[in-house]
Amino acid sequence: MFENLRVGVQLTESCDLACQHCSTNSSPKVTTKLDRGYLKAVLEQVKEIDPLAEVGFTGGEVFYVRDLLYYAIGLVRDLGLAYSVTTNGTWSVDSTERQQVLHSILDVRKLGISADVYHATAVPRRAIGRALQEARELGIDAVIRYTYTEGEEFEEILKELGLGTDDERMRVHFSGVMRVGRATKLKPGVFPMFPEREPCLAASTLMIRSTGGIFGCCGESMYVRGPHDLRFGHVKNTPLKDAVDARSNSRVLQTIRTIGARQLAVQSGVIRDDPDDEVLARSPCGSCHLLLQEENKSKVNAAAERIRDQVDTLRALYYGEV
Ligand code: SF4
């Protein structure tokens, strides 16, 4: 899965929705879009580094900036690169638009459609279920990324989505809501506890933020201010190859990719005995929010160094990287 280079490109932080739990603080009021020159330069470098690389387009909402999305897809098609798309599925509400969108990306490697109680205020979950079913009928490798809150029942969610076959059920990927971004305003009770030790797979994708910043993942690392261990430069002056190498040599990132952010936060001793940290530390991205604070840098790097051998063993085991 991670044999080839994976680069995520956040085309915009703008969105047609403004969900209460949004980790990127997106809304129609936000206007940030990735510069087309930066985009072209990044994709050409990706092709140079690994012709078999995969590029993931995400937002905000990519279909809210459709011109830029189709420009980007045109570039990857010309370069012969595989691409994936992550979307909130607002286009799935209208059956004609649903078919138009799906037919416009028949060659997509993976289509990820977000769903949860917050999106459902604008996009009925049954519409998302239909989008998955129609995508499957067209042979598109589609999944639903469902962000659940504490207390939600998975069987109830599958009913709401209107999904029943084994293939459909296994294409709903559940992950809990995390206290980052706009979700910091939500009540503490909605945030579930994540597994203590869980490798962060998102940290296997180098991320280009819509501002041009280069980060070690598509999560909270893009929004922690100042220099930190998962910030790897900017597309205007950092060759992508250098960012790829820096990411590979980052002890902190490789530790998060293997034993997980929560475990590293525990081992670094950065979780203070207070209610806010307790809620943050329930999730990987919340833990990263603590890990990446300037004042915690030396503790975190010392902990990552202490468990270096364990991490390298897991890296070889999970990713075949020696
Ligand atoms: S847990 Fe950390 S590395 Fe993983 S997506 Fe969240 S912020 Fe990024």
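The values are calculated or read from the model by the stated rules, or taken from the named source; none is laboratory data. These numbers were taken from a predicted model, which means no experiment stands behind them. Cβ coordinates were reconstructed from backbone atoms using ideal geometry, including for glycine residues, and neighbour counts include every protein chain displayed. Heavy atoms of the whole protein, side chains included, go into the accessibility calculation; ligands, DNA and RNA do not. Shrake-Rupley method; radii C 1.70, N 1.55, O 1.52, S 1.80 Å.
Structural remarks
- Among the conditions (1) within 12 Å of the ligand (Cβ to nearest atom); (2) among the small types (G, A, S); (3) under 14 Å from L291 (Cβ atoms), the only one that G226 does not satisfy is (1).
- Residue count, segment 118-138 (criterion: more than 23 Å from D167 (Cα to Cα) and in a loop (DSSP other than H, G, I, E, B)): 2
- Contact map, segment 307-321: residues that are under 13 Å from C200 (Cβ atoms) paired with residues that are open to solvent by 40 Å² or more (accessible area, probe 1.4 Å) and assigned to a helix (DSSP H, G or I), Cβ distance under 8 Å, separation 6+ or inter-chain. Pairs shown: V311/R251.
- Sole exception among (1) among the hydroxyl-bearing types (S, T, Y); (2) open to solvent by 30 Å² or more (accessible area, probe 1.4 Å); (3) without any contact (Cβ under 8 Å) to a residue 40 or more places away in the chain for T90, by number: (3)
- Restricting attention to segment 214-231, the residues that are touching a helix residue (DSSP H, G or I) at 6+ places or on another chain (Cβ under 7 Å) and either β-branched (V, I, T) or surrounded by fewer than 19 Cβ atoms within 10 Å (Cβ to Cβ) (or both) total 4.
- Count - residues of segment 19-45 that are touching a residue at least 60 places away in the same chain (Cβ under 8 Å) and under 20 Å from T147 (Cβ atoms): 7
- Residues of segment 182-204 satisfying the condition of being open to solvent by less than 30 Å² (accessible area, probe 1.4 Å) and either basic (K, R) or more than 8 Å from the ligand (Cβ to nearest atom) (or both): A183, L186, F191, P192, F194, S204
- Hits in segment 269-303 - residues which are polar (S, T, N, Q) and open to solvent by less than 10 Å² (accessible area, probe 1.4 Å): S283, S287
- Exactly one residue out of V76, V93, V65, V55 is β-branched (V, I, T) and in contact with a Ser or Thr (Cβ under 7 Å, 6 or more places away or on another chain): that is V65.
- If you go through segment 241-259 and keep only what is of a type outside the set (D, E, K, R) and surrounded by fewer than 23 Cβ atoms within 10 Å (Cβ to Cβ), you end up with V244, A246, S248, N249, S250, Q254, I259.
- Positions within segment 282-302 being away from the ligand (no atom under 11 Å from the Cβ) and touching a residue at least 12 places away in the same chain (Cβ under 8 Å), in sequence order: R282, Q293, E294, N296, K297, K299, V300, N301, A302
- Residue match in segment 87-110 (condition: at pLDDT 95 or above, aromatic (F, W, Y) and closer than 25 Å to T165 by Cβ): yes
- Verdict on E3 being surrounded by fewer than 21 Cβ atoms within 10 Å (Cβ to Cβ) and charged (D, E, K, R): yes
- Residues of segment 241-281 satisfying the condition of being more than 19 Å from G216 (Cα to Cα) and within 12 Å of the ligand (Cβ to nearest atom): L280, A281
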